[in-house]
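Quick notes on the structure that follows.
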Amino acid sequence: MIDFLETYRLDIRQFEQIVPMPLFPSRLRERGYNQSQLLAQEIGQRYKIKLSLNNLVRARETEHQARLSEKERWTNIHGAFRIKNRIEFSGKNILIIDDLLTTGATASEAAHTVKDAGAKTVGILTLAIKE
């Protein structure tokens, strides 16, 4: 991801906070780590951008997106996120980091939730795109 940012000279420093795509607590316990958080930590350290770990959270457990059709993914993820502290994102440029983008449903829902909390700009950076 860092190679991509530097190769294409993307203005990563326009973002004031980096937010890893959150996992539902039971999924985090099952996996043992959040891969998006690991990516976000590296980028945050490299570019000295604050990491927001627990403000965007999964409000409910959802079906695994990989098992669903494109239409089902959009329905499944609707309303799945919430913000704990709206003030933390208010007026700020926020970058959400995710490991994989397939249909964009999860990223879109997370971005809308952050934007509804008052963020000025919301960007998405993903490691891989699955077609």
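What 222 nm value per residue comes from the helices of the chain, counting each DSSP H run with n ≥ 4 as -39,500 (n - 2.57) and dividing by all residues, nearest 500 deg cm²/dmol?
Details: 6 runs with 50 residues, N = 131.
Computed ellipticity for the chain at 222 nm equals -10500 deg cm²/dmol.
Please grab the % of Cα pairs in the chain that end up more than 18 Å from each other.
52
Just grab the label-to-label distance for Ala59 and Asn85, each label 7 Å out from Cα along the Cβ direction, in nm (one decimal).
According to this spin-label approximation, the distance is 2.0 nm.
Can you tell which of Trp74, Leu125, Ser26 lies farthest toward the positive end of the dipole of the chain, using +1 and -1 charges on the Cβ of basic and acidic side chains (Lys, Arg; Asp, Glu)?
The Cα lying farthest towards the positive end belongs to Ser26.
Starting from the Cα gyration tensor of the stretch 17-59, take the square roots of the eigenvalues, sort them a ≥ b ≥ c, and report rounded, prolate or oblate (rounded when a/c is under 1.5, otherwise prolate if a/b is larger than b/c, else oblate). Can you show the working numbers first?
Numbers: a/c = 3.87, a/b = 1.73, b/c = 2.24.
Taking the square roots of the gyration eigenvalues as a ≥ b ≥ c, the stretch 17-59 is oblate.
Once you charge only the Cβ atoms, +1 for Lys and Arg and -1 for Asp and Glu, what is the size of the charge dipole of the chain about its Cα centre, to the nearest 20 debye? It would help to have the intermediate numbers written out before the result.
Working: 20 positive and 16 negative charges, 87 e Å.
It comes to approximately 420 debye.
Amide H to amide H, which residues 5 or more places from Val122 or on other chains are under 5 Å from it, using H placed in the peptide plane?
Ile94
Considering only the chain, what is the antiparallel percent among its DSSP beta bridges, to the nearest 5?
20
Loop only by DSSP, 12 or fewer other Cβ within 10 Å of the Cβ. Give me the GluC sites (Glu not before Pro) in the stretch 1-98 that pass, ordered by residue number.
The qualifying sites are Glu61, Glu63.
Using the structure shown, select from Lys92/Lys130; Lys48/Lys130; Lys48/Lys115 the pairs with a Cα to Cα distance greater than 26 angstrom. Provide the component values of the computation, followed by the final result.
Numbers: Lys92/Lys130 29 Å; Lys48/Lys130 29 Å; Lys48/Lys115 23 Å.
The pairs that break the limit, which is 26 Å between Cα atoms, are Lys92/Lys130; Lys48/Lys130.
Considering only DSSP states other than H, G, I, E and B, which trypsin sites (Lys or Arg not before Pro) in the stretch 59-131 qualify as loop sites with at most 13 other Cβ atoms within 10 Å? Kindly include the intermediate steps, with their values, before the conclusion.
Values: sites: Arg60, Arg67, Lys71, Arg73, Arg82, Lys84, Arg86, Lys92, Lys115, Lys120, Lys130; in loops: Arg60, Lys84, Lys92, Lys120, Lys130.
Here the trypsin sites (Lys or Arg not before Pro) that fit, given the DSSP loop and packing criteria, are Arg60, Lys84, Lys120, Lys130.
Using a 10 Å Cβ count of at most 14 others and DSSP loop calls, identify the longest part of the chain lacking such chymotrypsin sites (Phe, Trp or Tyr not before Pro).
After excluding every exposed loop site, the longest remaining stretch is 34-131.
Let me check against my output: what whole-number percent is the relative contact order of the chain, with C-alpha pairs under 8 Å and at least 6 apart?
With pairs under 8 Å counted, the relative contact order is 27 percent.
Read-outs: derived from the displayed coordinates by stated rules, not from any lab. Note that the coordinates shown come from a computational prediction; the quantities given were computed from them, not determined experimentally. Virtual Cβ from ideal backbone geometry, glycine too; neighbours counted across all protein chains shown.
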